[in-house]
1. Determine, for the chain, the count of lysine pairs separated by eight or more sequence positions (or lying on different chains) whose alpha-carbon distance falls under 22 Å.
2. With θ taken as phi - 60° and the coefficients 6.51, -1.76 and 1.60, list the Karplus ³J(HN,Hα) couplings across region 47-58 in order, rounded to whole Hz; mark glycine and proline as x.
3. Per DSSP H run of at least 4 residues, take -39500 (n - 2.57); add these up for the chain, divide by its residues and hand me the 222 nm value, nearest 500 deg cm²/dmol.
4. Report Rg (one decimal) and Dmax (nearest whole number) for the chain, counting Cα atoms only, units Å.
5. Once you keep just the Cα pairs under 8 angstrom separated by 6 or more residues, what percentage relative contact order results for the chain?
6. The chain: longest stretch without exposed chymotrypsin sites (Phe, Trp or Tyr not before Pro) (DSSP loop, at most 13 other Cβ within 10 Å), sites themselves excluded?
7. Of all DSSP beta bridges in region 4-222, what percent run antiparallel (nearest 5)?
8. Could you sort the peptides 193-201, 154-162 by per-residue average Cβ neighbour count (10 Å cutoff), highest mean leading?
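Nothing in this text is a laboratory measurement; each read-out follows from the coordinates by a stated rule. All values reported here derive from a predicted model rather than from experimental measurement. Positions of Cβ are backbone-derived with ideal geometry, glycine not excepted, and every protein chain shown enters the neighbour counts.
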Amino acid sequence: MNYSLPILGEEDNDFAVHKIICIGRNYAEHAREMGHDPEREPPFFFFKPQSALAQNNSAFIYPHFSRQVEHELELVIAIGKSGTQIPVANAADYVLGFAVGLDMTCRDIQKEAKNMGRPWELAKGFDGSAPCTAIQRGSLQDLAQYGDLVLTRNGEEVQRGNWRDMVWPIPELIAEVSRYIKLEAGDLIFTGTPAGVGPVAIGDKLEASLEGFSQQLTLKVAK
């Protein structure tokens, strides 16, 4: 199956997705709401499979094995070329563009796995768990013109945060991830979620946006 996202303004040129890399606890207030101290923890990351990818305006099928699915609003960085051991000073050169995404999480499954000392990929990596807008081609300098990340559920604001408040800024994230794995053209980095994560229910309509960005991620939660 071909997993890809549209590139805005380029009808004949999709962004073929390779790896989906997700950063954990990259906003101080979110780390605190989850019971962690952001001042003491280096960045960490995990992966979602390609099958987690979902394009904008698609239905999110509530996983039958969970009773507590939560939204996590994220700025997504699209990687445009390959590299390893990337210096922070050069990291911006690897950015092709950006998007808005959601890291949908089965919180009950995650908590159970943590309590049993087991990996919690199932809580994060199920099909459709990484919905994302089209890619806006642009540099980190271009990104600077945009404001807060905002998520509404059924028209009510439930999550808001500014991507500038990341514990580990984007260049440092790129450099850190590339210490361990080869970044490649087509990789997506979900850069972490601000505070305010919360539950979704069947029938909910989620709308995720980046202030000033033309794209809005719209998601309907279905059975």
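1. Lysine pairs satisfying the spacing and distance rule in the chain number 20.
2. 10, 10, x, 4, 5, 6, 5, 9, 7, 4, 6, 9
3. It comes out at -3000 deg cm²/dmol, rounded to the nearest 500.
4. 16.2, 47
5. The value is 32 percent.
6. Result for the longest clean stretch: 66-179.
7. 80
8. 193-201, 154-162
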